[in-house]
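Asks: This is the structure, below, for whatever I ask next.
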Ligand code: UTP
């Protein structure tokens with residue numbers, strides 16, 4: 001079945017970026033001139049997704065507002081002749097059919113995804129984590145969907161992480177299938193040294209078959225007392241196997257301060273409006289370091 005639905009979990013507490021995220025969702029933190037969740041929605045749309053469910057919670061209403069029309073702003077831009085900006089603004093609200101549902105308690109990523117059961121309605125879903133922005137010519141979500149179409153198994157987007165960082169992520173047992181695609185037969189969330197399966201970790205993207213929802217209903221709280229998506233996906237991996245795609249593209253973790261800074265600098269260096277001035281500025285600054 002064609003993957004046309006995506007879920008963006010955005011109901012985390014964002015404690016690593018406090019106080020910025022006290023009143024503002026981390027998914028709305030900008031990279032140059034767009035909130036990070038817009039990059040993620042654009043990636044989904046470029047991957048063939050038409051319907052997107054954003055999992056939110058209290059205080060995240062501005063995410064919905066961002067993808068809505070803004071008649072007062074549009075008429076102000078129209079009367080001041082700023083047509084290019086006007087069209088750009090309208091396009092944001094036409095990107096996809098956007099739905100939201102609240103995760104009423106912050107019980108973990110697996111619990112957040114379980115809220116999408118009726119939206120999925122028996123179809124596979126792409127999952128794009130709300131704080132992971134991936135920039136590249138070939139959308140990461142599309143690379144995973146292509147693997148889903150080819151192998152008919154759930155897919156995780158992976159990268160190798162530094163050995164000293166593996167305990168912060170998941171660790172996967174993988175065997176190579178072709179180029180950057182692997183078969184995954186086991187996984188563990190935040191392993192200690194004795195349980196590391198490899199340095200491949202799931203980073204921000206997956207495509208899940210409809211069975212995931214029944215599995216999630218029976219998934220017990222894991223690391224940190226949270227219902228972990230990795231624990232549910234592990235069941236898929238050990239029973240049927242999953243596919244792991246070492247995706248092309250640069251991933252920025254917008255859930256931590258350094259990730260936000262890297263994204264800002266690298267995107268600004270390519271942004272048509274500011275790149276030249278910004279490069280000159282950075283060169284000046286670098287001399288003083
Ligand atoms: P994180 O664990 O990175 O998000 O979850 P967090 O809880 O906001 O992070 P910190 O540790 O407090 O800074 C990865 C993704 O899962 C979502 C988050 O919004 C993020 O996109 N998430 C996490 C939920 O939607 N619900 C949850 O209960 C937990």
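Asks: Ranked from highest to lowest mean number of other Cβ atoms within 10 Å per residue, what is the order of the peptides 64-72, 47-55?
Replies: With the highest mean Cβ count within 10 Å placed first, the list reads 47-55, 64-72.
Asks: Counting pairs of alpha carbon atoms under 8 Å apart in space and at least six apart in sequence, what relative contact order in percent does the chain give?
Replies: That works out to 23 percent.
Asks: Hey, what angle do you get for helix 36-46 against the long axis of the chain, alpha-carbon based, 0 to 90 degrees rounded to 10?
Replies: Approximately 70 degrees, to the nearest 10.
Asks: Return one number: the angle in degrees, 0 to 90 and rounded to the nearest 10, between the long axis of the Cα atoms of helix 229-239 and the longest principal axis of the Cα atoms of the chain.
Replies: For 229-239 against the chain, the angle is about 40 degrees.
Asks: Continuing with the same structure: Among 140-150, 193-203, how do they line up from the highest to the lowest mean number of other beta-carbon atoms within 10 Å?
Replies: In descending order of packing, they fall as 140-150, 193-203.
Asks: Starting from the Cα gyration tensor of the stretch 174-283, take the square roots of the eigenvalues, sort them a ≥ b ≥ c, and report rounded, prolate or oblate (rounded when a/c is under 1.5, otherwise prolate if a/b is larger than b/c, else oblate).
Replies: Because a/c hits 1.5 or more and a/b exceeds b/c, the stretch 174-283 counts as prolate.
Asks: To continue, here is another question. Compute the acute angle (0 to 90°) between the alpha-carbon long axis of helix 83-93 and the principal axis of greatest extent of the alpha-carbon atoms of the chain; round to the nearest 10°.
Replies: Long axis of 83-93 versus the principal axis of the chain: about 30 degrees.
Asks: Running a GNM on the chain with Cα contacts under 10 Å, which residue among 165, 253, 131 ends up with the highest mean-square fluctuation?
Replies: Highest fluctuation among the options: 165.
Asks: Oh, and also: Name the shape class, rounded, prolate or oblate, that the alpha-carbon gyration tensor gives for the stretch 116-161, where a ≥ b ≥ c are the square roots of its eigenvalues, rounded holds for a/c under 1.5, and otherwise prolate holds if a/b is larger than b/c and oblate otherwise.
Replies: Verdict is oblate for the stretch 116-161.
Asks: If we sort 232-239, 99-106 on the protection proxy, mean other Cβ atoms within 10 Å, highest first, what's the order?
Replies: Ranking the peptides 232-239, 99-106 by packing returns 232-239, 99-106.
Asks: Here's another thing I want to ask about it. Quick one: compute the contact order of the stretch 146-289, relative version, from alpha carbon pairs under 8 angstrom and 6+ residues apart, as a percent.
Replies: 27 percent
Asks: Semi-axes of the equivalent ellipsoid for the stretch 1-78, please: Cα gyration tensor eigenvalues, times 5, square-rooted, ordered largest first, whole Å.
Replies: 22, 20, 12
Asks: If you average the C-alpha positions of the stretch 38-113 and of the stretch 1-27 separately, how far apart do those two centres end up, in angstrom?
Replies: For the stretch 38-113 versus the stretch 1-27, the Cα centre distance is 12 Å.
No lab work stands behind these numbers, since they all come straight from the coordinates. Being a predicted model, the structure only gives us computed values, none of them experimental. Cβ atoms come from the backbone with ideal geometry, glycine included; neighbour counts cover every protein chain shown.
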